[in-house]
1. In region 40-57, which residues are outside any helix (DSSP H, G or I) and within 18 Å of I155 (Cα to Cα)?
2. Could you tell me how many of the residues in region 106-122 are within 22 Å of S11 (Cβ to Cβ) and touching a residue at least 40 places away in the same chain (Cβ under 8 Å)?
3. Is it the case, given these coordinates, that A74 is assigned to a helix (DSSP H, G or I) and at pLDDT 95 or above?
4. Hey, does region 48-60 have a residue that's within 21 Å of I149 (Cβ to Cβ) and either over 10 Å from the mean Cα position of the chain (by Cα) or of a type in the set (K, R) (or both)?
5. Looking at region 119-132 only, could you name the residues that are part of a helix (DSSP H, G or I) and closer than 14 Å to L69 by Cβ?
6. Which one of these is modelled with pLDDT of 95 or more, more than 25 Å from L60 (Cβ to Cβ) and in a helix (DSSP H, G or I): L82, L135?
7. Mind listing just one residue for me: the one in region 48-64 that is modelled with pLDDT of 90 or more and more than 11 Å from N12 (Cα to Cα) and, of those, surrounded by the most Cβ atoms within 10 Å (Cβ to Cβ)?
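The values are calculated or read from the model by the stated rules, or taken from the named source; none is laboratory data. The structure displayed is predicted, hence computed values, not measured ones. Positions of Cβ are backbone-derived with ideal geometry, glycine not excepted, and every protein chain shown enters the neighbour counts.
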Amino acid sequence: MAFVVVMAALSNILGLPPFVASLGVTNIHFLQIPIILTALALGAVAGGLVGLIGATTMALTLPVPNLYLLPGNAILGFVTGLLYSALAKHKWRSIISQTISVIGAYVVQAPYVYFTDVYLARMPQPLVVTIVFTLLVEDLISVFFSHIILYRISIPRVLQKTTVAA
């Protein structure tokens with residue numbers, strides 16, 4: 001549970017302006033890295049929790065607060081973890097399973113983001129289309145960094161050793 005809390009806190013920090021890359025019309029956020037990392041390492045529930053909590057700061061500090069971000073990121077974490085749990089059993093390289101899992105989660109998350117931003121948050125449709133496309137880029141960047149971390153560190157094994165030692 002402590003790992004989930006730390007990852008949610010890190011996700012909130014990465015959603016703050018100093019950690020956002022501006023691309024003119026849109027921004028690249030790195031808050032998905034802890035969400036995807038947790039989902040790949042610990043599964044759907046942990047990934048969903050980090051997603052639900054991890055974007056709170058960004059959602060509340062936008063020029064127009066948008067709490068719809070929270071369930072959207074929960075979808076990202078939950079579906080990534082769910083798909084990866086099923087795909088990790090295959091013999092192909094883990095980066096392939098991880099990327100397919102994140103793209104699958106994006107396919108589920110993108111319509112949610114489009115619907116909530118256009119119809120509930122009343123954002124302009126061209127802006128939302130840009131945001132939805134940017135999400136794919138952010139998710140792919142995040143799975144790349146998550147893969148590198150998971151290649152170096154087996155998070156479940158480290159957490160198990162820590163629990164046994166305590």
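1. Passing the criteria: only G43.
2. 5
3. Taking the combined requirement at face value, the residue satisfies it.
4. yes
5. L120, V128, I131, V132
6. After ruling out the rest, the residue left standing is L82.
7. My answer is G48.
So that you can scan it fast, the table gives a plain yes or no per residue for (1) over 20 Å from G47 (Cα atoms); (2) hydrophobic (A, V, I, L, M, F, W, C); (3) surrounded by 16 or more Cβ atoms within 10 Å (Cβ to Cβ):
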| site | (1), (2), (3) |
| --- | --- |
| P111 | no, no, no |
| L120 | yes, yes, no |
| L135 | no, yes, yes |
| E138 | no, no, yes |
| I141 | no, yes, yes |
| L159 | no, yes, no |
